[in-house]
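Undergrad: Could you have a look at this structure, given as structure tokens, before my questions?
The values are calculated or read from the model by the stated rules, or taken from the named source; none is laboratory data. None of the values given here were measured: they were computed from a predicted structure. Methodologically, a virtual Cβ is constructed for each residue, glycine included, from the backbone with ideal geometry; neighbour enumeration extends over all protein chains shown. The protein model used for the area step is the full one, side chains on, heavy atoms only, and it has no ligands, DNA or RNA in it. Shrake-Rupley method; radii C 1.70, N 1.55, O 1.52, S 1.80 Å.
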Amino acid sequence: MAPPQGSRAPLEFGGPLGAAALMLLLPVTMFHLLLVARSGPARLLGPPPYLPGLEELWSPWALLLCLTWLGLQAALYLLPARKVAEGQELKDKSRLRYPINGFQALVLTALLVGLGVSAGLPLSALPEMLLPLAFAATLTAFIFSLLLYLKALVAPASALAPGGNSGNLIYDFFLGRELNPRICSFDFKYFCELRPGLIGWVLINLALLMQEAELRGSPSLAMWLVNGFQLLYVADALWYEEAVLTTMDIIHDGFGFMLAFGDLAWVPFTYSLQAQFLLYHPQPLGWPLASFICLINAVGYYIFRGANSQKNTFRKNPSDPRVADLETISTATGRRLLVSGWWGMVRHPNYLGDLIMALAWSLPCGVFHLLPYFYFLYFTALLVHREDRDERQCLQKYGLAWHEYCQRVPYRIVPYVY
Ligand SMILES: NC(=O)C1=CN([C@@H]2O[C@H](COP(=O)(O)OP(=O)(O)OC[C@H]3O[C@@H](n4cnc5c(N)ncnc54)[C@H](OP(=O)(O)O)[C@@H]3O)[C@@H](O)[C@H]2O)C=CC1
Ligand SMILES: CC(C)=CCC[C@@H](C)[C@H]1CC=C2C3=C(CC[C@@]21C)[C@@]1(C)CC[C@H](O)C(C)(C)[C@@H]1CC3
């Protein structure tokens, strides 16, 4: 058994107590949102309309569907890739290799779903199954996290994540012990981060759009906007799949319940909340307002994509002509930090763009309900906390150079505000 590593790494998420609370709170919140979205008053902060019994949550068909979906996405992951990318350098100086075929998986899934629907697959029945599907996904994530925890017990010390190895069972189960759990070349974290949950999210959105068309003759403009914006976000993530290899989740966090549940259950079932809300609470939306909301989404996307691409290009090749003229500061590690361009505006311009898009996804749902703004509120909290975690990691990595960066670029996410 590998000895616990990084036991002196500071505990995050409020330690074992915080981890235990989140393990309970996250699934409860997800089921609350699913129940409230279809209720008349759709009150985010009120009690759920009723408490579902086990017979409403548990369905062997939903579990079978969930496992078939995972199997399909795993099969698409294993197809030949247009490119194989190398990840960041690991503790033992090696680099892992990752297939870049996520966009291909999205296109093939769309083709398969299109074929299925034209052959009579009742996709619009999916919204009625969201509750048992979410339950099956939660169960799958829990069992999967248990297996990951057990796998980490026999992993070499060099394979363990910097956090998630405190020696406390609950905390380590939540955060995840192993950094890049794999069987042969199949990387579980990389696979889960981008495929089943993200593609599942747009599929659920599409099913909600189709059910709205069945109910009301055609999908509403608001439903089209939400579907379009979120499809763009998912397609972008898969098109720029390689960029995920430099995110905190892949480089720093272990693979445990937080990411397994987040990827497999939280993302598809709570990120589709706006479309769920719109199915049960249609909102009038005219073209002038719709155009304005499209503009907000476009501005958010422009900042998000510009900032993420600039950093990735710079990290891959600092002499690339697109970034070679940007001002930088040197650090003791040999890596440099950008202090002009997007990264000279605020220290997390990509978060700013992401938040602006999050707002644009809620606006088509009107301003009379708080529920569709849940994603924006949760995401603000997630990114503020994430930014704080990243700052601490960067301070540890870059020391004085990070202090200098903070002085030169004083705002974290929103210029002149935060
Ligand atoms: N929709 C969702 O639910 C979520 C979306 N996201 C999105 O994922 C994306 C990735 O986010 P995340 O992984 O948190 O963080 P970032 O992509 O912002 O990565 C942070 C890292 O970037 C490097 N960095 C920071 N400042 C500079 C600089 N000035 N110059 C060069 N490199 C710098 C540092 O790593 P190093 O120096 O080691 O390269 C730092 O650790 C974001 O767009 C975010 O909005 C994130 C979470 C959830
Ligand atoms: C507390 C809680 C709910 C934890 C789980 C958080 C996860 C849901 C998110 C952590 C980081 C994520 C990222 C994306 C989706 C959400 C999770 C998994 C992401 C794949 C979305 C698409 C983006 O373009 C991205 C690839 C940059 C992004 C990466 C981080």
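Undergrad: Please indicate, with yes or no, whether at least one residue in segment 236-255 is in contact with a helix residue (DSSP H, G or I) (Cβ under 9 Å, 6 or more places away or on another chain), more than 16 Å from ligand 1 (Cβ to nearest atom) and in the same structural domain as residue 164 (by the TED database).
TA: Within segment 236-255, none of the residues are in contact with a helix residue (DSSP H, G or I) (Cβ under 9 Å, 6 or more places away or on another chain), more than 16 Å from ligand 1 (Cβ to nearest atom) and in the same structural domain as residue 164 (by the TED database).
Undergrad: Looking at this structure, is residue 150 out of contact with any helix residue (DSSP H, G or I) (no Cβ under 6 Å at 6 or more places or on another chain) and farther than 24 Å from residue 203 by Cβ?
TA: The answer is yes for residue 150.
Undergrad: Quick test for you: out of 160, 133, 139, 148, pick the one residue that is open to solvent by 20 Å² or more (accessible area, probe 1.4 Å) and either at pLDDT below 90 or assigned by the TED database to the domain that holds residue 79 (or both).
TA: The unique qualifying residue is 139.
Undergrad: Pairs under 7 Å by beta carbon, first residue farther than 20 Å from residue 200 by Cα in segment 222-251, partner away from ligand 1 (no atom under 13 Å from the Cβ) and open to solvent by 20 Å² or more (accessible area, probe 1.4 Å), six or more apart or different chains?
TA: 222/283; 222/285
Undergrad: Among the residues of segment 380-400, what is the count of those that are more than 15 Å from ligand 2 (Cβ to nearest atom) and either within 18 Å of the chain's Cα centre (by Cα) or aliphatic (A, V, I, L, M) (or both)?
TA: 2
Undergrad: Please tell me if residue 87 is at pLDDT below 95 and farther than 24 Å from residue 259 by Cβ.
TA: Answer is no for this residue.
Undergrad: So, one more: Can you find even one residue in segment 224-243 that is of a type in the set (Gly, Ala, Ser), modelled with pLDDT under 90 and surrounded by fewer than 18 Cβ atoms within 10 Å (Cβ to Cβ)?
TA: No - not one qualifying residue is present in segment 224-243.
Undergrad: A follow-up question, please. Considering only segment 390-418, how many residues are outside any helix (DSSP H, G or I) and more than 10 Å from ligand 1 (Cβ to nearest atom)?
TA: Here the count works out to 9.
Undergrad: Here is a further query. Name the one entry in 228, 334, 262 that is out of contact with any Asp or Glu (no Cβ under 8 Å at 6 or more places or on another chain) and on the phi > 0 side of the Ramachandran plot.
TA: Only one candidate qualifies: 334.
Undergrad: In segment 214-223, which residues are in contact with a helix residue (DSSP H, G or I) (Cβ under 6 Å, 6 or more places away or on another chain) and either among the hydrophobic types (A, V, I, L, M, F, W, C) or open to solvent by less than 20 Å² (accessible area, probe 1.4 Å) (or both)?
TA: Residues satisfying the conditions are 221, 222, 223.
Undergrad: Shifting gears a bit: Residue 387 - would you say it is in contact with a helix residue (DSSP H, G or I) (Cβ under 7 Å, 6 or more places away or on another chain) and either modelled with pLDDT of 95 or more or within 10 Å of ligand 1 (Cβ to nearest atom) (or both)?
TA: yes
Undergrad: Would you call residue 332 within 16 Å of ligand 1 (Cβ to nearest atom), open to solvent by 30 Å² or more (accessible area, probe 1.4 Å), of a type in the set (A, V, I, L, M) and free of Cβ contacts under 8 Å to residues at least 24 places away in the same chain?
TA: no
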